[in-house]
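Working notes, structure below.
The values are calculated or read from the model by the stated rules, or taken from the named source; none is laboratory data. Please read these numbers as outputs of a predicted model, since none were measured by experiment. A quick note on method: Cβ atoms are made from the backbone with ideal geometry, for glycine too, and the neighbour counts reach across all protein chains shown. In case anyone asks, the SASA skips ligands and DNA or RNA and just uses the protein heavy atoms, side chains included. Shrake-Rupley method; radii C 1.70, N 1.55, O 1.52, S 1.80 Å.
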Amino acid sequence: MNIMSAVALGLLAALALYAVVAYNGLVGLKHGVTRAWSNIDVLLRQRHEELPKLVETCRQYQQFETTTLTRVTEARASVAAAREQQNLPALGAAEGLLRAGLGQIFAVAEAYPELRANEQFMQLQARISALENGIADRRELYNEAVNLNNTRIEQFPDLLLARGFGFKASPLLEFTPQQTADVDLKALFKG
């Protein structure tokens, strides 16, 4: 074996090693996005289960605004549908409507001292507020994982492997500026 063959073989081995390492890195990033989405999905499901309890607790107060409760119920259904389809643009829009509806429920609750004194209402308010904070935190982690993934599959030479093996960019979970204004549910509820 001459020196040129050894160099060519060494370069080929280095290229193969790089391809394996780059491929494994891309797979790790793809699964990081999936894992981050799963963390959001768990919190969305938990909140999804709490909202009917909140609506029912508010409904017990006959004069409580039924329009607000209807909006929250409809937004909840939209979030669930978008989550099941993993349609992130639709999820972002539905989340905004739901957050606004929740903010409105807690703001309107100010006019109902009996409701504010209801222990179940207070527990639900605290639980939903905690879930909202968790969703916001997980959304940041998800978007970071998506940014890492999307950047890596667009960088040369990794983009050659990414295209060859069908790695796709993932969408960010974005809310419009109006929707990103954090609804501090506890602050709305304090009087």
Legend entry - Simple spin-label estimate for ARG45 and LEU17 in nanometres, 7 Å along Cα-Cβ: 4.3 nm
Legend entry - Relative intensity, log₁₀ I(q)/I(0), of the chain from a Debye sum that treats every alpha carbon as a point, q = 0.12 Å⁻¹: -0.67
Legend entry - Helix axis angle, 66-85 relative to the chain longest principal axis, alpha carbon, degrees: 20 degrees
Legend entry - Cα convex hull volume per residue for the range 67-117 (Å³): 64 Å³
Inset, instruction - Just grab the label-to-label distance for ASP137 and GLU74, each label 7 Å out from Cα along the Cβ direction, in nm (one decimal). - result: 3.3 nm
Inset, instruction - Whole number in Å², please: accessible area per residue of the range 11-168, 1.4 Å probe, ligands, DNA and RNA not counted. - result: 53 Å²
Inset, instruction - Compare ALA169, ALA94, ALA16 in a GNM of the chain, Cα atoms joined below 10 Å, and give the one with the largest fluctuation. - result: ALA16
